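Please read the structure below before turning to the comments.
The values are calculated or read from the model by the stated rules, or taken from the named source; none is laboratory data. Just so it is clear, the structure is predicted and the values come from calculations on it, not from any experiment. Heads up, the Cβs are rebuilt from the backbone with ideal geometry, glycines too, and the neighbour counts pull from every protein chain shown. In case anyone asks, the SASA skips ligands and DNA or RNA and just uses the protein heavy atoms, side chains included. Shrake-Rupley method; radii C 1.70, N 1.55, O 1.52, S 1.80 Å.
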Amino acid sequence: MLYQSTRGQAPKVTADAALKAGAAPDGGLYLPEALPGLNLAALEATTGLGDLGCIMLAPFFADSPLDGQAPAICADAFNFPAPLVQPDPDQHDLQVLELFHGPTGAFKDFGARFLFRCFSALGQGAETPITVLVATSGDTGGAVGCAAEGLPGTRAVILFPKSRISAFQEHQLCCWEPPVEALRVEGDFDTCQALVKAAFADKALSAEHALTSANSISIGRLLPQMVYWARAALDVYARTGKKPGLVIPTGNLGNALAALMARELGLPIGPVVLATNANATLADWHASGQYEARPSIATIANAMDVGAPSNFERLAGLAEARIDGVERVTDEAIRARMKQVFETTGYVACPHTATALEAHARIPADQKAERPWVLGATAHPAKFADVVEPVIGRTVDLPPALADVLERPVRVRDIPGSSDALARALESGVPA
Ligand SMILES: *Cc1c(COP(=O)(O)O)cnc(C)c1O
């Protein structure tokens, strides 16, 4: 299996190189040169996510040092469930795929756990452990730290801005055991990002520490995300004989791309509808055919505050990239939908999930009745309690995994916002 750049100006590479590089050297994003053929009957015979992931993803490692390692990586990466739940007893054809039962309460746990297990497998065979460097203003860093904890052959260095993130988020970045290192940087998020960029650009530093990234454009995050869409589609299809439509809350199009790839692989997936917050780039593109990136605007579904979706250029690289609708949902409509769903069914949705509930409600009745629909639920509502609680008039309890995080001790180093300081911190960091 070879991966090619969406811009076509970079050499084709195997999975290990695509994972370590993140973006392709021509600035494009890696996609498989051709998707493998799949034996649907073999997939249908699996239960759970780990088994399915192993069969589905093994071909993506072919011809690389990861060949043969899919079973171990998937068994360890998919160690929490993604249940389908029916929020409204009266709507049998509406199910929510809850992707937030991982240790940090958001679907990014899937991508982060899988990617780190790949890095760990690659790093154990290498002279230098792989160091994953991330700048974070919140969520991604928590998932990355948690995913890396205790893994040999790799380390995670997480930079975040001092005094610019919530106390809970800071705790969630600083509570992980080695090989995770949290660095609290004097400066803002842009300072952190600039430091990371400069470190990658410094060839000597980059080589010395085998630096790599774990951001949303990594193909290593898309691959595992295909698996839960496939699981849901197979289960619904087995039960109803119909291909479910998917409604996917979207920022950078990661989950959406994964679902489209799963459909192109041959999984029984019907129409794909995207739900965005007030950021209009995707809705305008779908309506007009013209793509125009915009500055992002702040919304209450803030993990989707994206004006230039980083995965957009991957759409053009897929044969089956058809998107059947894009619904833009304002903050007002998010709040109204959260309230309506809670009051009629008792189901509590996070603001991102509420965009999908609203987009589903807008689908014309005849199309809704044609098939079952599966909506992505991307975060636990307790992570967005400040938004959710005033709307539903009730407190939302932290799930046990998130509550456990607050019990953990914190370990963090303060550094000035300079490249020298980061280089010194990398030198003296915990050995993997
Ligand atoms: C990252 C994130 C999203 C957006 O996901 P993409 O795959 O980038 O579109 C949606 N909801 C939550 C809670 C997130 O953390």
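Side notes on the structure shown:
- ³J(HN,Hα) computed for each position of the range 188-197 - Karplus, 6.51 cos²θ - 1.76 cosθ + 1.60, integer Hz, glycine/proline x: 9, 4, 4, 4, 4, 5, 5, 4, 5, 4
- Each Cα pair under 8 Å and six or more residues apart adds its separation to the average, and for the chain the resulting relative contact order is 18 percent.
- Percent RCO, i.e. relative contact order, over the range 219-361, from Cα pairs under 8 Å lying at least 6 residues apart: 25 percent
- Counting only residues at least eight positions apart within a chain, or on another chain, the aspartates and glutamates with an alpha carbon under 20 Å from that of LYS203 are ASP16, ASP26, GLU127, ASP420, GLU427.
- The largest-to-smallest principal axis extents of the Cα set in the range 1-93 are 52, 29, 24 Å.
- Long pairs among LYS108/LYS383; LYS12/LYS108; LYS20/LYS383, criterion Cα-Cα beyond 23 Å: LYS12/LYS108; LYS20/LYS383
- For the range 17-125, accessible area per residue (1.4 Å probe, heavy atoms of protein chains only), Å²: 36 Å²
- Qualifying trypsin sites (Lys or Arg not before Pro) in the range 1-96, DSSP loop, other Cβ atoms within 10 Å at most 16: ARG7, LYS12
- For ALA156, residues with placed amide H under 5 Å, excluding near neighbours: VAL132, VAL180, GLU181
- Mean separation of Cα contacts under 8 Å, 6 or more apart, over the residue count of the range 1-149: relative contact order %: 17 percent
- Accessible surface for the range 167-318, divided over its residues, is 34 Å² per residue with a 1.4 Å probe.
- Charge dipole magnitude, Cβ of K and R +1, D and E -1 - the chain, Cα centre, debye nearest 20: 240 debye
- Positive-pole candidate from ILE165, LEU253, SER137, dipole of the range 121-266, charges at beta carbon: LEU253
- Under Karplus coefficients 6.51, -1.76 and 1.60, residue-wise ³J(HN,Hα) of the range 123-137 in Hz, glycine/proline x: x, 5, x, 9, 5, 10, x, 7, 9, 8, 10, 10, 9, 9, 10
- Largest to smallest accessible area among TYR30, TYR291 [probe 1.4 Å]: TYR291, TYR30
- Test item: Cα-centred dipole of the range 170-245, Lys/Arg +1 and Asp/Glu -1 on Cβ, debye: 820 debye
- Accessible surface of the chain [probe 1.4 Å, protein heavy atoms]: carbon and sulfur percent: 51 percent
- Helix 139-148 axis versus longest C-alpha principal axis of the chain: approximately 60°, rounded to the nearest ten.
- Straight-line cross-link partners of LYS243 among the lysines, defined as a Cα under 22 Å from its Cα and at least 8 positions apart when in the same chain: LYS368.
- Amide H within-cut-off set for ALA135, under 5 Å, with H built and near neighbours excluded: LEU159
- Gyration tensor (alpha-carbon) shape descriptor, the range 100-188, a/c threshold 1.5: oblate
- The 3J(HN,Hα) values that the Karplus relation (6.51, -1.76, 1.60; θ = phi - 60°) gives for the range 35-47 are, in residue order, 7, x, x, 10, 8, 4, 4, 5, 5, 5, 7, 8, 10 Hz. Gly and Pro appear as x.
- Accessible surface, 1.4 Å probe, highest first, among residues ARG314, ARG337, ARG117: ARG337, ARG117, ARG314
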